[in-house]
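Chemist: Have a look at the structure that comes next, please.
The values are calculated or read from the model by the stated rules, or taken from the named source; none is laboratory data. Here the structure is a predicted model, which means the values were calculated and not measured. Cβ placement follows ideal geometry from the backbone for every residue including glycine, while neighbour counts extend to all protein chains displayed. Accessible surface is based on the protein model in full, side chains and every heavy atom, while ligands, DNA and RNA are left aside. Shrake-Rupley method; radii C 1.70, N 1.55, O 1.52, S 1.80 Å.
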Amino acid sequence: VMTATAGWLAVVGACLCFGSFGVPIKSDRVREANVHPFVFQTYKSFWVFTTAWLVLLWRPFHYTPWGIVSGIFWVPAGAAYVVGVEHAGLGINQALSSSMIVVVSTIWGLLVFDERVKSIPLSILGMVLLAAGNSTMAYFSVPTRPSSADPGSQNPGLEKRSAGAVSGLHQDGLTDLINGSDEVGAPRPPELAGEDDSGGLLARSDPADRGRDKPRSMTLGLAASAFNGIWGGSVLVPLTLSGSSSVGGIDFVLSFGVGVAIVTCFLWVLFAGYKTFRHEPVPGLKFQELWLPGSIAGILWSIGNFCSMYAVIFLGQAVGYSSCQAAILVSGLWGLFYFQESPRGPVYWALGAFTCTGGIVLLSQFA
């Protein structure tokens, strides 16, 4: 009983951290810095690597190459998460990603690892409700299409921007390919950029200015969110695979941190080589603008990672990691009430949240 209680407390901690770490991505400071998604991901990777060593305060040093496998799953998925927040918004990105992760985690846990549950039918029902609730919140977070008179919609192929999607992350041509636009990556006009970040880390732009922000692609945002969920849904599978060795359990945090650092450095080499080959400048780290929001995002995700690993250890891959996807409840509230990202109405979003919660309750009782 105590093990299950600890597992569900870990789920709560993971949800709070995973649901909030994306908030700094949408800050004015990040938006005005026009940062490349992989640059922001690098800050997250740095803090995952740094905080991983804290496990040595109460555990001996152990390492397994399985951490590199986790890094291969997490680093690209983490960069895709940043793209999803930029283009689709915080709420819908988390909702779609979480739904995909629930499905992937369930397949790994029940079908591959043959994890035992108290009641298979009720556990499956709980996971279905969890995924359905996440999907409902995702659907009703999608902005409505603009009217022809909407001055903020010069490109008829674009979805109308949600009121809160204001970060200015540079996509280096990805949006151009989908939208046929050459505006992505262009400097912000002085009247929009302002002279400083006087609004602070969580300051929101004036709603009138948001509609004139750079064009974004809902298609790219949804694709990035789906990739984050499908590819990133296997990030803790190596934790289970390493459980038969002396590196099982929370010791895996250190292996994961080292793996993330190795994969990030390797991708930087490929990224810089690609930019050099195309005679394009390599994006800078923009330390002055990003150290604070990047550190907050990285530390929050690291804490959530600790909690999610405990959840998987105590509850299993299918139940533990799937339940951590209730982080949508937290990120959805950020998007709904702070960034105002749900023009289709909070009632339907609340219905999805209620369904999601019901799934979690079923899992807590019968999984």
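Chemist: What nm distance separates the two modelled labels at VAL282 and VAL128, each placed 7 Å from Cα along Cα→Cβ?
Modeler: In this crude spin-label approximation the distance works out to 5.2 nm.
Chemist: With the full set of protein chains in place, find how many percent of the accessible area of segment 246-367 is carbon and sulfur; take the probe as 1.4 Å.
Modeler: C and S fraction of accessible area: 75 percent.
Chemist: Measure off, as a whole percent, the carbon and sulfur share of the 1.4 Å-probe accessible area of segment 14-105, all protein chains present.
Modeler: Carbon and sulfur: 79 percent of the exposed surface of segment 14-105.
Chemist: With every protein chain kept in place and ligands, DNA and RNA left out, what is the accessible area per residue of segment 41-145? Probe 1.4 Å, answer in Å².
Modeler: Working: 4360 Å² over 105 residues.
Value for segment 41-145: 42 Å² per residue.
Chemist: For the pair CYS265 and TRP53, how long in nm is the line joining their label points, each one 7 Å along Cα→Cβ?
Modeler: Label-label distance for CYS265 and TRP53, simple model: 1.3 nm.
Chemist: If the chain between VAL347 and ALA272 were fully stretched, how many nm would it gain, using 0.36 nm times the residue separation less the Cα-Cα distance? Could the numbers behind the result be given before it?
Modeler: Working: separation 75, 0.36 × 75 = 27.00 nm, distance 4.64 nm.
Taking 0.36 nm per residue and subtracting the Cα distance, the gain is 22.4 nm.
Chemist: R0 = 25 Å: FRET efficiency of ARG116 with LEU9, Cβ-based, nearest 0.05?
Modeler: Details: r = 22 Å, r/R0 = 0.86.
Efficiency for this residue pair is about 0.70.
Chemist: A follow-up question, please. Could you work out the relative contact order of segment 256-367, using alpha carbon pairs under 8 angstrom and six or more residues apart, expressed as a whole percent?
Modeler: 15 percent.
Chemist: Each residue of segment 255-269 in order: what ³J(HN,Hα) in whole Hz does its phi give by Karplus 6.51 cos²θ - 1.76 cosθ + 1.60, θ = phi - 60°, with x for Gly and Pro?
Modeler: 4, 5, x, 5, x, 4, 5, 5, 5, 4, 5, 4, 5, 5, 4
Chemist: Extension gain PHE337-ILE230, at 0.36 nm per residue separation less the Cα-Cα distance, in nm?
Modeler: 35.7 nm
Chemist: What ³J(HN,Hα) values, in whole Hz, does the Karplus curve 6.51 cos²θ - 1.76 cosθ + 1.60 give for segment 216-222 when θ = phi - 60°, with x put for Gly and Pro?
Modeler: Using θ = phi - 60°, the values come out as 10, 10, 5, 4, 5, x, 5 Hz.
Chemist: Checking a compactness column here: for segment 87-130, what do you get for Rg(Cα) / (2.2 N^0.38 Å), N being the number of residues?
Modeler: That ratio works out to 1.37.
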